[in-house]
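The values are calculated or read from the model by the stated rules, or taken from the named source; none is laboratory data. Only a predicted model underlies this, so the values are computations on that prediction, with no experimental measurement involved. Here the Cβ positions follow ideal geometry from the backbone for every residue, glycine too, while neighbour counts run over all protein chains shown.
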Amino acid sequence: MTNILFIEQLLNGIQFGTMLFLMSAGLTLIFGVMGLINLAHGSFYMIGAFCAALVAGLTGSFWLALGASLCGAAIAGVLIEILIIRRLYRRDHLDQVLATFALILLLSEGVRWYFGAFPLYLSIPESLNGTIPIFEEIIYSKYRLFIILMGFLIAIGLYILITKTRLGIRIRAGQNDREMISALGVDISKLYTVVFALGASLAGLSGALIGAIQSVEVGMGEPILILAFVVIVIGGIGSIKGAFIGSILVGVTDTLGRVFLPDLLKIFIEPSYATSIGSSIGSMLIYILMALILITKPSGLFGKS
Amino acid sequence: MIIEKFFNKWILFLLIIIPIFGLIFEEPYYITLTTKVIILAIAGIGLNLALGYCGLISFGHAAFFGTGGYVTGILSFHALNEELLFSWPIDIFGSSEMLIIWPVAILVCAFLSLIIGFLSLRTSGVYFIMITLAFAQMLYFFSISWPTYGGEDGLSIYVRNSFPMVNTMDPFTFYFICLVWLMITLFISFKLINSAFGMAFQAIKQNEERVKSVGIETYKVKLIVFVISGTMAGLAGSLYTDLNRFVSPSVLDWHTSGEIMIFVILGGMARLYGPIVGAAFFIILEQTLGTYTENWQFWLGLILILEILYARSGILGLFDKKKSNEK
Amino acid sequence: MKNKILNIKNLSKSYGAFKVTDQIAIDLNFNEIHALIGPNGAGKSTLIKQIVGSVKQDRGSILLDQEDITDLSDVERAKIGISRTFQVSSIIPSFSAIENIILSLLNKSNKTFQLFKNIKDNNELELKAKNILREIELIENSGMVASELSHGDRRKLEVGLALAMNPKVFLFDEPMAGLDESGTQMMINLFKKIKLNTPILLIEHDMEAVFALADRVSVINYGKIVATGTVDQIRSNELVKDVYLGYEI
């Protein structure tokens, strides 16, 4: 285990974490403001990636594709919120879980129907292709650095939105007391639609960004969704700060764990066992982390109990 | 209520008559299909206790279903390949006897649900949903990355496990074994619901604060229900492996958790026969729509959404005018 | 003093800088009804929550029959003999009235973890439940589903649930709220009977009831106990009159 490898993997972990943040920020906002648990959030990730792939295929422009992912996911978000989600706000969590689970089936099979079962491809644009040296010795993928940058920019953007704009004030007030803000004349249903669409578009963007390094296929959002849940449970539901810290924590733990745990175990156990046990435990590591945090703080690091 | 009881009797009747039909006309397909419904119903009956009656929204029951399945697969695998399972501290062999596999699967799943329940029940609401989901996913990823038992490709067992004096490979025989288990779990479920303990856990679903204030330790009650529920799901998983002679990580996936939930909800929550109706409906949809289109789950999703928005009490609920317990 | 069934000292709870209960000292003798009155927002609810155990105090101690229960959880306190009613009726909606009572009987009869015997076969519990329903004059509607009971009947059921626990002490939180003349009178008669066996800490706004029942009255305002005494003492207490802004009480 060299320092270079470690820093590389650390950066990978941070990159993973920033994408997780895009997913979890939306999820936790939607829960914090509307009290809605949305299992179909991963579908927006998928929709964003598919929109991007479609537009990239048609126009050849990566940047237009990114824009398309934001728009496409946002539009999908608005439509779904109006047609289905808004009937769920008053329902209990079980109904929300089931309805949004059903929504996943609907959306996944719908996309599969339209696009077929084969994955689409989205390529990294020329300008971001290749590597770039950082910290003298380390050569890192330009595109991954770009992702990290985007992630941080969006985090800052969200921070500014939430703390310094009117919309942000309404969102924060809504998190605290829904009835009050409607009594104060804020158009609740519009606010909810906006928040939902915002969450959806963030998810869509991360889908498109990752779609360029992995493939764009049906169901791609689900593993990320589960991780996003782990993140917001760790960070505390409703807390964007918690989502950010949780995402980086989860991203780094997962990446470093998978890469280095087998090697670490090789010190103690026979190498062939160490590899398989190491990678198995590595894949379970963040869940173990989550369990540990929940035992000590049942409402997450920054959540309200 | 009377109509519901009538309907329930009809369901059981069908569960018996269809395989007999299959036996007489030599169409094992119907026997196997009914067996599948029965096994999934057992998992649903387990979940219904925790979810339908006690209000514990566990999105991770696949953890127990899948563990039961894997315990069975692993024990068979070792027996068929004549390899030791462990050799320390004592030699432990595999087994291909159902009478040994079932107790092992039950004990392992009871223990697993005890641990997961112990940790998860410290939380509530959304946290509980997510933590149960996450634990199941943890096991899912573990099973994919553990190469010894097939990893992602799964584990095949070529010969179904044996039961004394019968040929379990015969579809009707195996169906009958599963039917007996269904009767047992229905019976246990019935007894629990009508007991004092049943009163406690059903009350918890509606007003936990009140139950605590009359001096009932709700955490303990919930934990016991959760363990019983998980154990039943685990038993179903074990039978499922024997049905298919195959087990793979997909039995641990959250989609499986979601599907078990669907049986419970579609059939009617907190109704004894609900999971059977739900499982039957699900399998029928899969078999009929599934022949027309690969994307049949699209329609399942649609039906489910419509049901949640407009027909909340499930299929059995349609027959019941007294809906005071449902929304 | 050995006479006290409930002895609360120095009970304090603050949320931030806001002192909701401030060094509250209050006690309950055997065979007495001790009424607690005070304006809304005075801290009564939080005081109850601290006694019952759903809110943890910052400081202070609670002794039940000489035993320190300050660190016990809400369920433990319920088991050990503190029984309460809720200000807003808290019942099990789909259970019938008698089933609600039976639920409350489970703990004392050690039947909570009976997993297999059919509860409907238990004649002993049914009999006990019926007796309680007779006490609270709800026997006619014993089979009615609780969510369909009238408001007044629900208040009665609340008290019935508390009675079923056979506790060491009762905490009644505005039990008369929303009751009509005959309902209030029934409660008054019932409480007079109850107190012969079990003391009651009564939080009430209905002054008529307080005067008819209370052996002692304490007045709480801004988180503090401002006066304690007999009904007559409290009625003539200037401080108390101030508390109620000059209303004749």
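Odds and ends about this structure:
- Checking each residue in the range B:160-178 for being over 19 Å from residue B:39 (Cα atoms) and either of a type in the set (A, V, I, L, M, F, W, C) or surrounded by 16 or more Cβ atoms within 10 Å (Cβ to Cβ) (or both) picks out B:165, B:166.
- Only residues that are at pLDDT 90 or above, farther than 13 Å from residue A:52 by Cβ and among the hydroxyl-bearing types (Ser, Thr, Tyr) were counted across the range A:65-107, and they come to 1.
- The criterion of at least 1 residues that are in contact (Cβ under 8 Å) with a residue 60 or more places away in the chain and within 12 Å of chain B (Cβ to nearest Cβ) is met, among helices (runs of 4 or more DSSP H) falling completely within the range C:100-200, by C:151-164.
- Close Cβ contacts (under 8 Å, 6 or more residues apart or on different chains) running from residues in the range B:20-38 that are at positive phi to residues that are of a type in the set (A, V, I, L, M, F, W, C) are absent.
- Complete set of residues in the range A:226-253 that are over 13 Å from the mean Cα position of the chain (by Cα) and either in a loop (DSSP other than H, G, I, E, B) or not β-branched (Val, Ile, Thr) (or both): A:235, A:236, A:237, A:238, A:239, A:241, A:242, A:249
- Test: residue in the range C:45-63 that is over 27 Å from residue C:196 (Cβ atoms), surrounded by fewer than 19 Cβ atoms within 10 Å (Cβ to Cβ) and among the aliphatic types (A, V, I, L, M): yes
- Selection from the range B:180-215 of residues that are among the small types (Gly, Ala, Ser) and either more than 7 Å from chain C (Cβ to nearest Cβ) or part of a helix (DSSP H, G or I) (or both): B:189, B:196, B:198, B:200, B:203, B:213
- Among the residues of the range B:150-169, none qualifies, meaning not one is without any contact (Cβ under 8 Å) to a residue 12 or more places away in the chain and either facing chain A (nearest Cβ under 9 Å) or in contact with a strand residue (DSSP E or B) (Cβ under 8 Å, 6 or more places away or on another chain) (or both).
- Taking residues in the range A:87-108 that are over 20 Å from residue B:56 (Cα atoms), and partners anywhere that are modelled with pLDDT of 90 or more and basic (Lys, Arg), not one pair has Cβ atoms closer than 9 Å while being at least 6 places apart or on different chains.
- Any hit, the range C:79-98, residues being out of contact with any Asp or Glu (no Cβ under 8 Å at 6 or more places or on another chain) and touching a residue at least 60 places away in the same chain (Cβ under 8 Å): yes
- Residue that is farthest from the other protein chains (Cβ to nearest Cβ) [pool: residues in the range C:63-78 that are in contact (Cβ under 8 Å) with a residue 40 or more places away in the chain and aliphatic (A, V, I, L, M)]: C:63
- When B:256, B:218, B:241 are checked against the criterion of being under 30 Å from residue C:74 (Cβ atoms), of a type in the set (Ser, Thr, Tyr) and either touching a helix residue (DSSP H, G or I) at 6+ places or on another chain (Cβ under 7 Å) or away from chain A (no Cβ under 14 Å) (or both), B:218 stands alone in meeting it.
- Qualifying residue in the range B:40-47 (condition: within 22 Å of residue B:144 (Cα to Cα) and of a type in the set (Gly, Ala, Ser)): no
- Out of C:5, C:92, sole residue that is surrounded by 15 or more Cβ atoms within 10 Å (Cβ to Cβ) and within 14 Å of chain B (Cβ to nearest Cβ): C:92
- Looking across A:102, A:74, one residue alone is more than 14 Å from every other protein chain (Cβ to nearest Cβ), among the small types (Gly, Ala, Ser) and in contact with a helix residue (DSSP H, G or I) (Cβ under 6 Å, 6 or more places away or on another chain). It is A:74.
- Considering the range A:255-305, the residues that are in a helix (DSSP H, G or I) and among the basic types (Lys, Arg) include one that is farthest from residue A:9 (Cα to Cα), namely A:266.
- Scanning the range B:88-146 for residues that are part of a loop (DSSP other than H, G, I, E, B), facing chain A (nearest Cβ under 9 Å) and closer than 28 Å to residue A:276 by Cβ gives a single hit, B:146.
- Scanning the range A:142-170 for residues that are surrounded by fewer than 14 Cβ atoms within 10 Å (Cβ to Cβ) and either touching a Lys or Arg at 6+ places or on another chain (Cβ under 8 Å) or of a type in the set (Ser, Thr, Tyr) (or both) turns up A:163, A:165.
- Residue satisfying condition, being facing chain B (nearest Cβ under 10 Å) and either crowded, with 22+ Cβ neighbours inside 10 Å or within 27 Å of residue A:81 (Cα to Cα) (or both), within set A:281, A:286: A:286
- For the range B:140-166, a tally of residues being of a type in the set (Val, Ile, Thr) and within 14 Å of residue B:94 (Cβ to Cβ) returns 3.
- Complete set of residues in the range B:128-161 that are modelled with pLDDT under 85 and polar (S, T, N, Q): B:145, B:148
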